[in-house]
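The values are calculated or read from the model by the stated rules, or taken from the named source; none is laboratory data. Bear in mind that the values here come from a model prediction, so they are computed numbers and not experimental data. Here Cβ is always computed from backbone atoms with ideal geometry, including for glycine, and neighbour counts include all displayed protein chains. For the accessible areas, the whole protein counts, side chains as well, though only heavy atoms, and no ligand, DNA or RNA atoms are used. Shrake-Rupley method; radii C 1.70, N 1.55, O 1.52, S 1.80 Å.
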Amino acid sequence: MDTHIMLDCAAVFLPLLGAVVAGFGGHRLGDRGGAQIVTCLAVLAAAVLSGTIFYEVSFGAAPRTHILATWIEAGGLKTNWALRIDTLTAIMMLVVNGVSAMVHVYSVGYMHHDKGVPRFMSYLSLFTFFMLMLVSADNMLQMFFGWEGVGLASYLLIGFWYEKPRAGMAAMKAFLVNRVGDFGFLLGIFGVYQIFGSLDFNVIFKNAPQLVDAEFIFAGSSYPALTVISLLLFMGAMGKSAQIGLHTWLPDAMEGPTPVSALIHAATMVTAGVFMLARLSPLFEYAPAALAVVAVVGAVTAVVAASIGLTQFDIKRVIAYSTMSQLGYMFFAAGVSAYGASIFHLMTHAFFKALLFLAAGSVIHAMAGEQDMRKMGGLWRKIPVTYALMWIGSLALAGIGIEGLFGFSGFYSKDMILEAAFARGTWYGYVAYGLGLMAAFMTAFYSWRLLILTFHGEPRGDAQVAAHAHESSWIMLAPLLPLALGALIVGCVAKDWFAGAPDGVFWQNVLFVLPDHAPAMHDHVPELARMAPLVMALLGIGVSVWLYVRRPYYLAAIARRLGIVYRVVFNKYYFDELYDFLFVRSLPRWGAFLWHKGDDGGIDRFGPDGAAALASRVGDDIRKAQTGYLYHYAMVMAVALMLLAGWALVRGA
């Protein structure tokens with residue numbers, strides 16, 4: 001067998017092997033240790049192999065596709081089960097397997113006392129496998145398989161503590177909200193097959209330029225087919241990547257164990273939508289209206305999520321809204337055709353966001369399960385390693401650095417996105433740039449708010465818990481070190497690779513950008529526009545320190561002065577309440593109404609039940625005519641003869 005096939009298959013299927021062994025043989029392996037060893041070794045090996053694949057494909061080796069088997073062959077549809085290994089896939093495999101490996105090792109310590117360790121480790125590895133299937137897909141149907149598999153595994157992980165009602169509700173909410181987006185994704189896939197006659201990426205990308213003028217006819221009106229398809233596919237991305245409107249599942253997913261939060265919100269599930277847009281760039285580039293929608297939705301998501309993060313007190317929810325905001329950056333980068341910048345931020349974000357989530361888990365572990373930052377404080381002396389790692393993650397998230405000298409990873413990727421938005425030169429590019437600056441200020445503000453409330457000041461919670469707070473074990477801290485290293489150096493090392501042209505050595509035409517869509521980059525952006533993101537981040541840090549350290553008594557007064565604005569933001573813009581009113585409470589009422597009035601009172605009454613009742617009544621009436629008296633029958637016969645004679649006379653006349 002070809003060495004490349006063995007290498008690529010091992011990187012994809014090793015997590016599945018670990019999931020199967022831990023899931024079905026967990027008790028034979030031992031209640032804890034065996035399942036942990038098998039899954040950790042499998043994913044660590046996959047991560048090492050992914051690094052090899054990334055080096056090969058991104059710096060010399062040509063992209064390759066391995067057809068493993070024919071999957072579906074029916075009518076005109078033929079779909080293969082294949083692995084598409086190119087630069088984009090290699091990046092995603094490195095990120096997914098790398099972060100997942102750290103989460104697996106971290107879980108050995110974090111879940112040590114849980115009775116369901118084999119099941120948990122199996123779910124983690126299964127989640128990783130489905131994400132790998134998604135990013136290595138060679139056609140849209142295989143991508144959808146991975147897409148739905150990730151949704152299923154996330155449901156199992158979020159609801160892992162099924163004895164907690166809130167965990168079960170959060171898992172169901174994530175599953176149902178994603179089904180809304182997936183409905184659009186499915187319609188988009190149907191549209192692709194209708195227009196292209198194939199679901200294979202190579203066929204779609206080759207024929208897209210010739211089908212720019214193709215149209216769908218609906219309700220007597222015509223619509224540009226590629227725009228409609230792109231918007232439907234983007235609807236799927238909105239659900240999976242928690243863009244505004246389909247985002248409400250993301251903060252509730254914090255009910256799952258902290259390793260789940262790191263895996264779902266850092267490198268895997270929530271980035272699936274961003275990956276899908278980059279993979280389908282040859283399709284989206286011929287739908288400029290859809291790109292404008294992507295840019296605006298992403299920019300609005302970045303600001304709305306960041307504003308909510310300013311007011312939350314649950315440490316994991318603050319980081320979750322930060323994830324949603326950073327995903328907004330990735331989407332509006334794709335909307336301005338800066339797909340390389342979008343994937344660059346996806347990669348850097350994976351390192352520093354996984355670091356922040358796992359460090360938050362270390363804080364929660366030290367505080368005996370407490371997640372409310374109002375009940376923390378003064379922890380930096382108790383857990384100094386976690387404190388230092390949280391600083392690294394926060395600096396990377398805020399995008400702090402000095403151009404030409406050194407910057408944390410987020411500094412390079414976030415600046416690349418904002419410069420691309422400004423350089424795009426369109427109205428939606430400028431809107432995205434302006435909203436991105438606002439989000440940069442708020443991101444820095446809530447990051448330092450989290451640091452100050454959690455680690456500084458006097459302990460504010462349970463005195464006994466604070467007194468016994470201690471650093472996590474090294475089995476939990478060790479995985480944070482590679483993530484911290486990534487947050488420190490990945491941006492500096494990789495910035496030139498990702499900024500390269502789509503047809504350059506690194507990307508090798510994996511991404512596609514129309515010539516008139518390609519934004520002029522660094523040298524064509526004014527100095528003020530280039531410096532603005534760093535200025536806004538430093539301003540956000542300064543205001544946060546001034547308020548929470550120097551003038552904390554201003555906070556309550558500011559909240560009162562803002563009044564309804566603060567309440568709206570604190571209550572997450574009432575999205576949950578609105579959906580509860582429109583769907584959760586109203587749908588059962590509509591269902592009951594349609595059941596009683598429509599089904600029972602309409603369809604059944606005038607349909608099968610009505611026909612049966614009519615037949616019964618007619619039968620009863622006919623039965624009553626059978627009296628058994630001879631004179632009754634004679635009378636009927638006489639009347640019938642009279643009517644017959646009358647009818648004959650009338651006809652004769």
Residues of the range 53-67 satisfying the condition of being open to solvent by less than 70 Å² (accessible area, probe 1.4 Å) and more than 13 Å from Leu7 (Cα to Cα): Ser58, Gly60, Ala61, Ala62, Pro63
Out of everything in the range 70-121 that is touching a His at 6+ places or on another chain (Cβ under 9 Å) and closer than 30 Å to Thr386 by Cβ, what residue ends up being surrounded by the most Cβ atoms within 10 Å (Cβ to Cβ)? Met121
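So, of the residues in the range 147-167 that are touching a residue at least 40 places away in the same chain (Cβ under 8 Å) and open to solvent by 10 Å² or more (accessible area, probe 1.4 Å), which turns out to be nearest to Gly184 (Cα to Cα)?
So the first thing to find is which residues in the range 147-167 are touching a residue at least 40 places away in the same chain (Cβ under 8 Å), and the list is 147, 150-151, 154, 157-161, 164, 166-167.
Adding the requirement that they be open to solvent by 10 Å² or more (accessible area, probe 1.4 Å) leaves 159, 161, 164, 166.
Numbers: Gly159: 25, Trp161: 31, Lys164: 32, Arg166: 28 Å.
Filtering first and then ranking leaves Gly159.
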Within the range 122-146, residues among the aliphatic types (A, V, I, L, M), buried (at least 24 other Cβ atoms within 10 Å of the Cβ) and closer than 25 Å to Cys40 by Cβ come out as Leu124, Leu126, Met131, Leu132, Leu134, Val135
Go through (1) out of contact with any strand residue (DSSP E or B) (no Cβ under 6 Å at 6 or more places or on another chain); (2) within 19 Å of Arg279 (Cα to Cα) for Leu141 and report which single condition fails. (1)
Just checking, how many residues over the range 277-318 are within 17 Å of the chain's Cα centre (by Cα) and open to solvent by 10 Å² or more (accessible area, probe 1.4 Å)? 4
Within the range 269-292, how many residues are within 24 Å of Gly146 (Cβ to Cβ), among the small types (Gly, Ala, Ser) and touching a residue at least 60 places away in the same chain (Cβ under 8 Å)? 5
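Going residue by residue through the range 96-112, is there one that turns out to be closer than 16 Å to Ile5 by Cα, in contact with a Gly (Cβ under 8 Å, 6 or more places away or on another chain) and assigned to a helix (DSSP H, G or I)? Let's see the steps before the verdict.
Taking the range 96-112 first, the residues closer than 16 Å to Ile5 by Cα are none.
Checked against the condition, which is being closer than 16 Å to Ile5 by Cα, in contact with a Gly (Cβ under 8 Å, 6 or more places away or on another chain) and assigned to a helix (DSSP H, G or I), the range 96-112 yields no hits at all.
For the structure I just gave you, tell me whether Ile417 is at negative phi and open to solvent by 30 Å² or more (accessible area, probe 1.4 Å). Give the steps one after another, and end with the answer.
On the way: at negative phi: yes; open to solvent by 30 Å² or more (accessible area, probe 1.4 Å): no.
When the stated conditions are applied, Ile417 does not pass them.
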Six or more apart or on different chains, Cβ atoms under 8 Å: show the pairs whose first residue is in the range 42-66 and closer than 14 Å to Asp8 by Cβ and assigned to a strand (DSSP E or B) and whose second is among the hydrophobic types (A, V, I, L, M, F, W, C) and open to solvent by 40 Å² or more (accessible area, probe 1.4 Å). His66/Ile5
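Could you list, in sequence order, the residues of the range 365-394 that are in contact (Cβ under 8 Å) with a residue 24 or more places away in the chain and of a type in the set (A, V, I, L, M)? Steps first, answer last, please.
Taking the range 365-394 as the starting set, the residues that turn out to be in contact (Cβ under 8 Å) with a residue 24 or more places away in the chain are 365-368, 370-380, 382-387, 389-394.
Once the filter is applied, which keeps residues that are in contact (Cβ under 8 Å) with a residue 24 or more places away in the chain and of a type in the set (A, V, I, L, M), the range 365-394 yields Ala366, Met367, Ala368, Met373, Met376, Leu379, Ile383, Val385, Leu389, Met390, Ile392.
Residues that are surrounded by 14 or more Cβ atoms within 10 Å (Cβ to Cβ): find the helices (runs of 4 or more DSSP H) completely inside the range 477-581 holding 3 or more of those. Steps first, please.
Numbers: elements: 480-498, 527-545, 554-562, 564-570, 575-579.
Fully inside the range 477-581 and qualifying: 480-498, 527-545, 564-570, 575-579.
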Checking the structure you have, find out if any residue of the range 458-467 is among the aliphatic types (A, V, I, L, M), surrounded by fewer than 21 Cβ atoms within 10 Å (Cβ to Cβ) and in contact (Cβ under 8 Å) with a residue 24 or more places away in the chain. yes
Restricting attention to the range 220-231, which residues are modelled with pLDDT under 90, of a type in the set (Gly, Ala, Ser) and within 23 Å of Asn207 (Cα to Cα)? Ser222
Long-range neighbours under 8 Å by Cβ, at least six apart or interchain, first residue in contact (Cβ under 8 Å) with a residue 40 or more places away in the chain and among the charged types (D, E, K, R) within the range 444-456, second open to solvent by 10 Å² or more (accessible area, probe 1.4 Å) and part of a helix (DSSP H, G or I): Arg449/Tyr548
Answer with yes or no whether Leu280 is within 22 Å of Thr426 (Cβ to Cβ), at pLDDT 90 or above and touching an Asp or Glu at 6+ places or on another chain (Cβ under 8 Å). no
Which of the following residues is within 14 Å of the chain's Cα centre (by Cα) and modelled with pLDDT of 90 or more: Phe201, Phe234? Phe234
Do we find that Ile541 is under 23 Å from Val304 (Cβ atoms) and either out of contact with any strand residue (DSSP E or B) (no Cβ under 6 Å at 6 or more places or on another chain) or modelled with pLDDT under 85 (or both) in this structure? yes
Top-ranked residue of the range 602-630 - restricted to ones that are within 24 Å of Ala592 (Cβ to Cβ) and acidic (Asp, Glu), ranked as most open to solvent (accessible area, probe 1.4 Å): Asp609
